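A quick write-up on the structure given underneath.
The values are calculated or read from the model by the stated rules, or taken from the named source; none is laboratory data. All of these numbers come straight from a predicted model, not from anything done at the bench. Ideal geometry is used to build each Cβ from the backbone, glycine not excepted, and the neighbour counts take in all protein chains shown. Heavy atoms of the whole protein, side chains included, go into the accessibility calculation; ligands, DNA and RNA do not. Shrake-Rupley method; radii C 1.70, N 1.55, O 1.52, S 1.80 Å.
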Amino acid sequence: MNIALENVTKTFGTFRALQDVCLDVKDGELLALLGPSGSGKTTLLRIIAGLDVPDHDGKSVIRFDGKQVDWSAAQQRLVGFVFQHYALFRTMTVFENIAFGLRVGPREMRGSEADIRKKVNDLLSLIQLESMADRYPSQLSGGQRQRVALARALAIEPKILLLDEPFGALDAKVRQGLRRWLRRLHDEIHVTSVLVTHDQEEALEVADRVVIMNAGRVEQAGTPDEVFHSPASAFVMDFLGNVNLFHARMDGDAVRPARADGASAAEGEATGKAARILVRPHDLDISVVENGSSMLRARVLRIQTAGSTVKVAVIGDSGENVVVEIPHERFRELGIARDDLVFVSLKDSSLFVEDYSI
Ligand code: ATP
């Protein structure tokens, strides 16, 4: 099922939680909503589910497969919902928790007891918890509980699955396993899924497309590759990983970073506009001698070698904190140590330039 949001705006009192959100979620797609706390992710998810309504402004429209659903109740929307802290019924077994949605609702719509048992057993096998059917929620780990919550949401055969930080309360290792499992499950059951997360790694790894939200608006929507490698704004670039910030001057299309000795900052003041360059740590290099491309003279503060690359934290002459990420081989070549004087330069690769003069 396809979801189309057109100019969705939501105001709480005088506070605008969502502003003209336009978004298309394709049939069978797994879309991640990513953004800082308070950016409107949960509000948007609740509006899709029908648990909340957008402003009655004549512009906010929600369609499922082209049909306007703004006024249909949550129960009619065939939406499955999993929350961060899904309240499984404590006094019901895993089996009965999953069967719950199949036992409520109009009698004529319910299946026979045999149908229900078959469906719950299929779902137990899907979440790989067949052996735990008779346990109570208190006898499960957090990850197992979330898998039961997911099976419970899937029992009603939703066309849309909405997940609000489903693994947010779990530790990093369990989260990682569960998100890969969720991706495989999503591919198996062909459902349109929207996953809310504030974890960029989770969004980039699991989703077909990622929507980055900021203060109730969509900053960018694109594939993980697009948002990471071609950020539409400084906010997106900053949100999706570590960035270093450098001051620069812009002359037309030419961007000139401040030079290592800081002289050009003053020298460039007369020409060009002020700009900021945002650079990821792995797009920088370090050398022990100054060369034409050095942007910053700095002293080594910390070196972190545990990991697939070496992270070198340096502090520039004017107090700029910069992190450079280099291959182990390059680090051995340089032979640098704490307190050494180094020069940071830009590799011939991606950076984000922001006109800062406005
Ligand atoms: P988080 O990652 O912290 O869950 P979020 O991106 O999901 O954040 P929302 O829960 O959608 O953010 O909230 C967006 C904004 O709307 C917040 O500033 C929040 O305080 C406000 N808000 C949400 N629900 C209400 C409400 N019922 N009444 C008033 N303000 C609300």
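Taking 0.36 nm per intervening residue step and subtracting the Cα-Cα distance, what contour gain separates Asp55 from Ser318 on full extension? Each step should come with its number before you reach the end.
Values: separation 263, 0.36 × 263 = 94.68 nm, distance 4.89 nm.
Once the chain is fully extended between Asp55 and Ser318, it gains 89.8 nm.
Which FRET efficiency value, to the nearest 0.05, do you get for Gln19 and Ala232 by plugging their Cβ-Cβ distance into 1/(1 + (r/R0)^6) with R0 = 25 Å?
Working: r = 17 Å, r/R0 = 0.67.
Result of the calculation: an efficiency of 0.90.
Once every DSSP H run of n ≥ 4 in the chain is given -39500 (n - 2.57) and the sum is divided by its residues, what mean residue ellipticity at 222 nm do you get, rounded to the nearest 500 deg cm²/dmol? Don't jump to the answer; show the numbers that get you there.
Working: 10 runs with 95 residues, N = 358.
Roughly -7500 deg cm²/dmol at 222 nm, from the helical runs in the chain.
Explain nothing, just the number: dipole magnitude of the chain about its Cα centre with +1 on each Lys and Arg Cβ and -1 on each Asp and Glu Cβ, in debye rounded to the nearest 20. Let's see the in-between values first.
Working: 43 positive and 50 negative charges, 274 e Å.
The dipole magnitude comes to about 1320 debye.
Among Gln144, Ala203, Thr14, which residue has its Cα positioned farthest towards the positive end of the charge dipole of the chain, with +1 placed on the Cβ of Lys and Arg, -1 on the Cβ of Asp and Glu, and the dipole taken about the Cα centre?
Result: Gln144, furthest along the dipole toward the positive end.
Starting from the amide H of Ala17, placed 1.01 Å from N in the peptide plane, find each other amide H under 5 Å away whose residue is 5 or more places distant or on another chain.
Hits under the 5 Å cutoff: Lys10, Thr11, Phe12.
Simple spin-label model, 7 Å along Cα-to-Cβ: Glu201 to Leu301 in nm?
Using points 7 Å along Cα→Cβ, the separation is 2.2 nm.
Within the chain, how many lysine pairs that are 8 or more places apart, or on different chains, have C-alpha atoms less than 25 Å apart?
20
Kindly rank 209-220, 165-176, 127-138 from highest to lowest mean number of other beta carbons found within 10 Å of each residue.
Descending mean neighbour count gives 209-220, 165-176, 127-138.
Restricting everything to alpha-carbon atoms, can you work out Rg to Rh for the range 33-124 with a Kirkwood hydrodynamic radius?
Working: Rg = 16.8 Å, Rh = 16.0 Å.
For the range 33-124, the value is 1.05.
Order Lys347, Lys67, Lys10, Lys119 by their accessible area, 1.4 angstrom probe, all chains in place, largest first.
Numbers: Lys347 80, Lys67 135, Lys10 20, Lys119 50 Å².
Ranked from most to least accessible, the order is Lys67, Lys347, Lys119, Lys10.
Taking every pair of Cα atoms in the range 1-61, average 1/r, invert it to obtain the Kirkwood radius, and report Rg/Rh to two decimals. Let's see the in-between values first.
Details: Rg = 11.5 Å, Rh = 12.1 Å.
Ratio of gyration radius to Kirkwood radius: 0.95.
Tell me which of Gly216, Pro231, Ser293 sits at the most positive position along the dipole axis of the chain, charges placed on C-beta atoms (Lys, Arg +1; Asp, Glu -1).
Sorting the options by dipole projection puts first Gly216.
Got a number for carbon plus sulfur as a percent of the chain's accessible area, 1.4 Å probe?
Details: 8940 of 17790 Å².
C and S atoms contribute 50 percent here.
Using the Karplus curve 6.51 cos²θ - 1.76 cosθ + 1.60 with θ = phi - 60°, work out ³J(HN,Hα) for each residue of the range 333-340 in order, rounded to whole Hz, and write x for Gly and Pro.
These are the phi-based 3J(HN,Hα) values: 4, 6, x, 8, 9, 3, 6, 5 Hz.
How much of the DSSP bridge set in the chain is antiparallel, in percent, rounded to the nearest 5? Before the final figure, lay out each step's value.
Details: 54 of 72 bridges.
In the chain, approximately 75 percent of DSSP beta bridges are antiparallel ones.
If you bin the C-alpha pair distances of the range 1-160 every 5 Å from 0, what whole percents do you get?
2, 8, 16, 18, 16, 14, 12, 8, 5, 1, 0
What figure in square angstrom, to the nearest 10, would you give for the accessible area of Lys59 with a 1.4 Å probe?
100
Using only Cα atoms, what is the ratio of the radius of gyration of the chain to 2.2 N^0.38 Å?
Details: Rg = 25.5 Å, N = 358, 2.2 N^0.38 = 20.6 Å.
Compared with the compact-globule rule of thumb, the chain sits at 1.24.
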